[in-house]
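Data first, discussion second: the structure below is written as structure tokens.
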Amino acid sequence: MPRLHPAQQQIKSERRRFNVLCNGRRFGKNILLQDLAVEYALAKREPVGWSAPTYGDVMDDWRALCNVLAPVIVDKSELEKRLDLMGGGSLSFWSMDKPDRIRGKRYKAFIINEASFVPDLTNSWDMIIRPTLVDLRGDAYFSGTPKGMNGFWRLFNTRADDWARWQMSS
């Protein structure tokens, strides 16, 4: 994994249960999210869900993490977009264009990359994603660049003790 720069390290050290990253296009959000996914799945041996607005967006992250984790993958399903790792952790990849497929899963962490482009993000969070975190008291990460006053904007403006948010430029 690439080394995190100081702003990425700051986010990692200040994170809470629910985290919203509203950062510039060249900030390195994907690198940070991949680092977090590896931490949960490999170091903590937990199940991780990873999503993006479209199948194409998911595939970029799938390929990157397949390459990084190749030495520790014990089972890989191209069809299900699932990686099982040494030690018992796993990564499952989902497209948010059909979020109902995520129902019934359970995760210690769920990452939504490019969350500002997810249609009806608020409903998907409330009705589909958040329930996947209940059993393991899991964490969530929403990452994106601003795109108006949509679901990502609403999550960014959530004020609660278990929420953290960052807005940093590239």
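Using DSSP, restrict attention to beta bridges with both residues in the range 34-170 and report what percent are antiparallel, rounded to the nearest 5.
Taking every DSSP beta bridge within the range 34-170, about 35 percent pair in antiparallel fashion.
Kindly report the accessible area of the chain per residue (heavy atoms of protein chains, probe 1.4 Å, no ligands, DNA or RNA), in Å².
Values: 8500 Å² over 170 residues.
Per residue, the chain has 50 Å² of solvent-accessible surface.
Can you pull the one-decimal nm distance between simple spin-label points at Q10 and R101, each 7 Å off the Cα toward Cβ?
For Q10 paired with R101, the spin-label model returns 3.7 nm.
Sum up the lysine pairs in the range 61-170 that clear both bars: alpha-carbon distance under 23 Å and a spacing of 8 or more or different chains. Working shown, then result.
On the way: K76/K98; K76/K105; K76/K108; K81/K98; K81/K105; K81/K108; K98/K108; K98/K147.
So the count of such lysine pairs works out to 8.
Just from its helices, what would the mean residue ellipticity at 222 nm be for the chain, if runs of 4 or more DSSP H residues each count -39500 (n - 2.57) and the sum is divided by every residue, rounded to the nearest 500 deg cm²/dmol? Numbers along the way, then the final one.
Values: 5 runs with 44 residues, N = 170.
After summing the helix terms and dividing by the residues of the chain, the value is -7000 deg cm²/dmol.
For a quick check: with amide H placed at 1.01 Å from N, whose amide H comes under 5 Å from I112's, ignoring anything fewer than 5 positions away on the same chain?
S51, Y141, F142, S143
What trypsin sites (Lys or Arg not before Pro) does the range 75-127 have in DSSP loop regions with at most 16 other beta carbons within 10 Å?
R103, R106
Compute the distance from the alpha-carbon center of the range 14-86 to that of the range 107-153, in whole Å.
Centre-to-centre (Cα) distance: 14 Å.
For the range 43-65, list residues with backbone N below 17 Å from a point placed 7 Å from the Cα of E78 toward its Cβ?
56, 59-65
Express the carbon and sulfur contribution to the solvent-accessible surface of the range 1-57 as a percent, rounded to the nearest whole number, probe 1.4 angstrom.
47 percent
Going by average Cβ density within 10 Å per residue, which order do the peptides 62-72, 89-99, 11-21 take, highest to lowest? Mind dumping the intermediate values first?
Working: 62-72: 14.5, 89-99: 20.6, 11-21: 17.1.
In decreasing order of mean packing, 62-72, 89-99, 11-21 become 89-99, 11-21, 62-72.
Which of rounded, prolate or oblate describes the range 16-147 when judged by the alpha-carbon gyration tensor and an a/c cut-off of 1.5?
Numbers: a/c = 1.44, a/b = 1.24, b/c = 1.16.
Note, shape of the range 16-147 comes out rounded.
How many percent of Cα pairs in the range 74-170 exceed 18 Å? Before the final figure, lay out each step's value.
Working: 2358 of 4656 pairs.
Cα-Cα pairs in the range 74-170 separated by more than 18 Å: 51 percent.
The values are calculated or read from the model by the stated rules, or taken from the named source; none is laboratory data. From a predicted model like this one, the values you see are computed outputs, not experimental measurements. All Cβ positions, glycine included, derive from the backbone under ideal geometry; neighbour counts span all protein chains shown. All accessible areas refer to the heavy atoms of the entire protein, side chains included, with ligands and DNA or RNA removed. Shrake-Rupley method; radii C 1.70, N 1.55, O 1.52, S 1.80 Å.
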